[in-house]
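Note sheet for the following structure.
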Amino acid sequence: MFDGDFSPSTSRTGDDYDEFDDLNSLGEKATSSRFQDENQPPKATKKRDRENRTALITKKPKLFKNLEMGKHGGIVHGRVLSKSNVKNWQTNGKDGQLCSFVMEDSSGSVQSNALFNKTNNPVEIHLTKLSQIKAIQGKNLPKTTIESITIAEILHTEQNKLIDLIGIVYDIGPSQNLSCRDGIVRQKYNVKIVDDSLKVVSLGIWKNSHNFANTEGKCLAMKNLIVREYAGKKVLATTDSTVVKHEQDDVNMKRLQNWWIREGQYEEFEELEVPKQLATPTPNGE
């Protein structure tokens, strides 16, 4: 369940939320959300639950693309793409826990209780103590949609934009130790991805975040990658909401895999070198 408070993407803390365990048990299952009136008295819990069950059947869920800022209440159906770790917060003598997750329906994705929004949706959903999360049963479940672009199109895509990509894993590089801002040393490696636009792009992966083992020559679908620019080239990186799909049940994945088997593995590929007129200016103006 979500409180229907749809607001712009800003950094924020949140109220105590005791349904993290329920959310973690859902994984990538489809989720149904019913928004409640915060002023409902505790005595009406059983009656409210009966009404909820009826409402979930009769109330039509709202698509994420149609959510409006400032609205309270309603139902949405979506599939959980990713979840953050539960974090403790403390401010002005109060403390609590905060978690965020990304859901998707056929119209797009939305983030809940986000510290930093990593979707292309300008609104977020805020949860309260009355919010409920329920697994959807049946055949008509929300499906993950991949609206991929070609690797060649990444060259003309602005930095920090989220994209979906279907591509062939060409090479997996060795891991490197990097010192992060929090002082912790983490391992990162680069994966080369190609497609039939005859371009190759480097995708940075934090170790243990996604499994690319033994995927060379295989077609993968990747959702919510972020476009960066490094050393004069366009590159990609994962985000908290990145999803990597290995199952080739998509017609475009099957087409690209067949292309690779027939001719792609014999082709030459060019990196995404950014022309000087398209390069992002450096801080010193060079």
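Only the coordinates and a few stated rules stand behind these numbers; no lab work does. Everything numeric here is computed off the predicted structure, so don't read it as measured data. For neighbour counting, all protein chains shown are included, and Cβ atoms are generated from backbone atoms with ideal geometry for every residue, glycine included.
Some points to look at:
- Among residues other than Q265 with Cβ under 12 Å from its Cβ, the summed charge is -3 (Lys and Arg +1, Asp and Glu -1).
- With neighbour counts taken as other beta-carbon atoms within 10 Å, the residues T238, T157 rank, fewest first, as T157, T238.
- Formal net charge of residues neighbouring I166 (Cβ-Cβ distance under 11 Å; K, R +1; D, E -1): -1
- Cα→Cβ-extended label distance, 7 Å offset, between K129 and K233, nm: 5.4 nm
- Estimated vicinal HN-Hα couplings, Hz - the stretch 214-223 in sequence order (Karplus 6.51, -1.76, 1.60; Gly, Pro = x): 6, 9, 4, x, 9, 8, 10, 10, 10, 10
- About its Cα centre, the stretch 148-271 has a charge dipole of approximately 420 debye under the convention of +1 per Lys or Arg Cβ and -1 per Asp or Glu Cβ, with nothing else charged.
- Cβ-based net charge around C180, under 14 Å, with every Lys or Arg adding one and every Asp or Glu removing one: +3
- Packing, as the average of other Cβ atoms within 10 Å across residues, places the peptides 226-233, 208-215 in the order 226-233, 208-215, highest first.
- At R0 = 35 Å, FRET efficiency that the Cβ-Cβ distance of D182 and K161 yields, to 0.05: 0.85
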